[in-house]
1. Name the single residue that is surrounded by the most Cβ atoms within 10 Å (Cβ to Cβ) among those in region 116-139 being more than 19 Å from the chain's Cα centre (by Cα) and within 21 Å of residue 59 (Cβ to Cβ).
2. Name the residues in region 75-115 that are under 16 Å from residue 194 (Cβ atoms) and over 15 Å from the mean Cα position of the chain (by Cα), would you?
3. Looking only at region 39-55, which residues are in contact (Cβ under 8 Å) with a residue 12 or more places away in the chain and more than 21 Å from residue 127 (Cβ to Cβ)?
4. Going through 174, 190, 146, 162 one at a time, which residue ends up being modelled with pLDDT under 95 and open to solvent by less than 50 Å² (accessible area, probe 1.4 Å)?
5. If the Cβ limit is 7 Å and pairs must be 6+ apart or interchain, which residue in region 56-67 that is more than 6 Å from the ligand (Cβ to nearest atom) and among the acidic types (Asp, Glu) pairs with which residue that is modelled with pLDDT of 95 or more and open to solvent by 50 Å² or more (accessible area, probe 1.4 Å)?
6. Determine whether residue 12 is touching a Lys or Arg at 6+ places or on another chain (Cβ under 9 Å), in contact (Cβ under 8 Å) with a residue 12 or more places away in the chain, on the phi > 0 side of the Ramachandran plot and buried (at least 21 other Cβ atoms within 10 Å of the Cβ).
7. Which pairs turn up if I take residues in region 112-126 that are within 23 Å of residue 188 (Cα to Cα) and look for partners that are aliphatic (A, V, I, L, M) and in a helix (DSSP H, G or I) with beta carbon separation below 9 Å, at least 6 apart in sequence or on another chain?
8. Out of the residues in region 68-86 meeting the condition of being basic (Lys, Arg) and either away from the ligand (no atom under 14 Å from the Cβ) or touching a Pro at 6+ places or on another chain (Cβ under 6 Å) (or both), tell me which one is nearest to residue 100 (Cα to Cα).
Amino acid sequence: MRLILLGPPGAGKGTQAQRLIHKHGIVQLSTGEMLRAAVAAGTPVGLKAKDIMASGALVPDEVVVGIIADRIEEPDAKKGFILDGFPRTVPQAQALDDLLKRKHLKLDAVVELRVNESALLERVETRVAQMRERGEEVRIDDTPEVLSKRLANYRAQTEPLVHYYSEKRKLITVDGMMTIEQVTVAINRVLSALEAADSAAKAAK
Ligand code: AP5
């Protein structure tokens with residue numbers, strides 16, 4: 001299974017990806033996590049991404065496309081993956097299409113999590129408070145100012161992907177305002193229906 005989780009900052013992409021990978025035996029490919037690891041390790045990619053991420057802007061397309069192209073080649077991604085935070089621009093989506101086509105792989109679905117803006121702000125505030133309580137380092141881009149830039153960038157650069165994948169009949173929109181468990185149930189219901197339709201189509205051949 002190959003899925004994309006699409007949604008604004010704080011929509012629950014990482015939360016849902018973690019829950020889905022266990023059930024479906026696939027891996028989570030989070031460009032945000034990979035970039036934060038690269039920043040922490042001080043790699044060339046990390047050095048390039050650090051200030052961009054801190055400002056709430058997007059890292060250049062060629063950098064993230066390169067990261068995903070390499071990661072998809074790794075053995076643990078062969079059974080399937082959930083892309084969390086990628087693609088985030090139309091050129092990234094086109095690059096992913098090319099990549100999958102070259103490898104004769106099919107994208108099963110793009111799950112868009114819809115959450116209203118005030119809930120997003122509250123969720124990120126809660127995440128910051130919880131990380132502080134646990135004594136963890138808070139994300140540098142989780143301040144109210146940077147979060148509003150991340151949201152504005154989402155609306156301008158990533159939201160066009162809703163139309164992009166809707167045209168390709170890959171888009172499934174899920175109400176992300178429900179509880180975490182209810183969102184997982186809703187996504188799994190959709191995935192089961194897709195699997196059933198896929199099996200029926202294969203059986204009919
Ligand atoms: P990234 O790490 O991808 O951050 P993001 O998209 O802004 O998303 P978040 O991690 O903030 O939120 P999420 O949707 O995963 O929500 P979560 O599950 O954590 O990207 C960071 C930066 O890296 C970007 O700004 C950019 O600079 C760069 N970058 C990354 N990918 C890139 C790309 N492809 N191209 C260019 N640049 C890129 O949930 C949030 C909180 O809400 C948690 O506390 C959770 O417990 C809670 N929560 C979740 N679901 C619910 C629910 N249903 N009800 C109540 N609470 C909930």
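The values are calculated or read from the model by the stated rules, or taken from the named source; none is laboratory data. What you see is a predicted model, and the numbers here were worked out from it, not measured in a lab. Backbone-built Cβ (ideal geometry, glycine too); neighbour counts: all protein chains shown. Each accessible area value is taken on the protein alone, full model and side chains, heavy atoms only, with ligands, DNA and RNA left out. Shrake-Rupley method; radii C 1.70, N 1.55, O 1.52, S 1.80 Å.
1. Kept after step one, since they are more than 19 Å from the chain's Cα centre (by Cα), are these residues of region 116-139: 118, 122, 125-126, 128-138.
Then keep just the ones that are within 21 Å of residue 59 (Cβ to Cβ); that gives 137-138.
Working: 137: 8, 138: 13.
Top of the filtered list is 138.
2. Result: 105, 106.
3. 45, 48
4. On the way: 174 fails: modelled with pLDDT under 95; 146 fails: modelled with pLDDT under 95; 162 fails: modelled with pLDDT under 95.
Within the list 174, 190, 146, 162, the selection yields 190.
5. What qualifies is 61/91.
6. Numbers: touching a Lys or Arg at 6+ places or on another chain (Cβ under 9 Å): yes; in contact (Cβ under 8 Å) with a residue 12 or more places away in the chain: yes; on the phi > 0 side of the Ramachandran plot: yes; buried (at least 21 other Cβ atoms within 10 Å of the Cβ): yes.
When the stated conditions are applied, residue 12 passes them.
7. From residues that are within 23 Å of residue 188 (Cα to Cα), the pairs are 112/161; 112/162; 113/183; 113/187; 120/147; 120/151.
8. Filtering region 68-86 down to residues basic (Lys, Arg) leaves 71, 78-79.
From what is left, the residues that are either away from the ligand (no atom under 14 Å from the Cβ) or touching a Pro at 6+ places or on another chain (Cβ under 6 Å) (or both) are 78-79.
Values: 78: 12, 79: 14 Å.
Top of the filtered list is 78.
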